[in-house]
1. Looking at LEU170, is it out of contact with any helix residue (DSSP H, G or I) (no Cβ under 9 Å at 6 or more places or on another chain), aliphatic (A, V, I, L, M) and surrounded by 17 or more Cβ atoms within 10 Å (Cβ to Cβ)?
2. Can you name the condition, by its number, that ILE108 falls short on among (1) out of contact with any strand residue (DSSP E or B) (no Cβ under 7 Å at 6 or more places or on another chain); (2) β-branched (Val, Ile, Thr); (3) farther than 21 Å from ALA168 by Cα?
3. When the residues of the range 126-144 are filtered to those that are surrounded by fewer than 23 Cβ atoms within 10 Å (Cβ to Cβ) and among the acidic types (Asp, Glu), which remaining residue is nearest to LEU219 (Cα to Cα)?
Amino acid sequence: MPIEPEPCEWAFPPAQTAGPDGVVALGADLAPGTLVAAYRAGMFPMPHPDAAAMVWWSPDPRGVLPLAGFHVSRSLRRTRRRYAITFDRAFGAVVAGCADPRRAGGWITPEVRAAYTVLHAMGWAHSVEAWDDDGALAGGLYGVEIGGLFAAESKFHVRTDASKAAVAALVDRLREGGGERLLDVQWTTPHLRTLGAIDVSRAAYLARLDAALTLPPALG
């Protein structure tokens with residue numbers, strides 16, 4: 001089970017007070033207690049190039065991937081079999097892949113990497129890895145699990161459909177955990193919609209979050 005961090009030293013505004021752009025607050029820090037408190041309250045951190053301080057977001061609408069609505073295409077069924085899937089075997093390597101500065105729109109700073117590495121050591125952050133036949137890391141994802149919430153932070157791939165295979169394995173694992181779990185993808189994209197992601201209102205997200213937080217974690 002995760003190690004409960006020291007209490008958050010900051011007083012976040014309620015997620016419902018976010019502006020039209022989804023920004024709730026600026027500042028604070030990335031201490032474990034701050035991060036866990038923010039996710040529990042429906043927020044997540046992400047740097048913005050126009051802001052010197054950390055930005056805390058609660059988008060409306062919010063992207064979620066319903067476990068029952070996850071779509072596995074015929075091609076993904078075929079390519080999934082190419083990869084061996086593991087959990088929490090190479091967290092640092094997955095985050096490094098997601099933070100590759102050559103990726104367009106990169107936002108994972110060294111400070112973010114360090115903060116989530118600490119969360120991983122405390123049992124809150126998890127990775128899913130997809131390995132190819134040669135034993136090389138082909139792709140993966142990482143995120144934060146609090147009770148029945150899994151907040152997916154980022155994914156990457158260097159081989160076709162490797163990150164999709166990791167998502168499919170995560171969905172299977174969360175389904176095995178039972179209950180009304182919440183797979184948060186922050187914002188929907190055309191790619192995520194092909195997997196079944198949908199938009200829900202902030203109010204609906206927060207209601208689902210309250211229910212999900214009562215469940216035990218599925219990954220650990």
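1. Numbers: out of contact with any helix residue (DSSP H, G or I) (no Cβ under 9 Å at 6 or more places or on another chain): yes; aliphatic (A, V, I, L, M): yes; surrounded by 17 or more Cβ atoms within 10 Å (Cβ to Cβ): yes.
So LEU170 passes the test.
2. Here ILE108 meets the rest and fails (1).
3. We begin by selecting, within the range 126-144, every residue surrounded by fewer than 23 Cβ atoms within 10 Å (Cβ to Cβ); these are 131-137, 144.
Applying the additional criterion that residues be among the acidic types (Asp, Glu) yields 132-134.
Values: ASP132: 23, ASP133: 25, ASP134: 26 Å.
Checked the range 126-144; the qualifying residue nearest to LEU219 (Cα to Cα) is ASP132.
Quick grid of which residues meet (1) surrounded by 20 or more Cβ atoms within 10 Å (Cβ to Cβ); (2) without any contact (Cβ under 8 Å) to a residue 12 or more places away in the chain; (3) closer than 29 Å to VAL158 by Cβ; (4) within 18 Å of the chain's Cα centre (by Cα):
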{"residue": "THR17", "(1), (2), (3), (4)": "no, yes, no, no"}
{"residue": "GLY27", "(1), (2), (3), (4)": "no, no, no, no"}
{"residue": "TYR39", "(1), (2), (3), (4)": "yes, no, yes, yes"}
{"residue": "SER58", "(1), (2), (3), (4)": "yes, no, no, yes"}
{"residue": "VAL64", "(1), (2), (3), (4)": "yes, no, yes, yes"}
{"residue": "ALA99", "(1), (2), (3), (4)": "no, no, yes, yes"}
{"residue": "THR109", "(1), (2), (3), (4)": "no, no, yes, yes"}
{"residue": "ALA121", "(1), (2), (3), (4)": "no, yes, yes, yes"}
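Conditions tested, residue by residue: (1) out of contact with any strand residue (DSSP E or B) (no Cβ under 8 Å at 6 or more places or on another chain); (2) of a type in the set (Lys, Arg); (3) under 24 Å from GLU176 (Cα atoms).
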{"position": "ALA53", "(1), (2), (3)": "no, no, no"}
{"position": "ASP88", "(1), (2), (3)": "no, no, yes"}
{"position": "ALA96", "(1), (2), (3)": "yes, no, no"}
{"position": "ARG103", "(1), (2), (3)": "no, yes, no"}
{"position": "ALA115", "(1), (2), (3)": "yes, no, no"}
{"position": "TRP124", "(1), (2), (3)": "no, no, yes"}
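Quick note: the coordinates plus some simple rules give every number you see, no bench work behind them. Remember, predicted model here, so these are calculated numbers, not experimental data. Don't worry about glycine lacking a Cβ; one is built from the backbone with ideal geometry, like all the others, and counts go over all protein chains shown.
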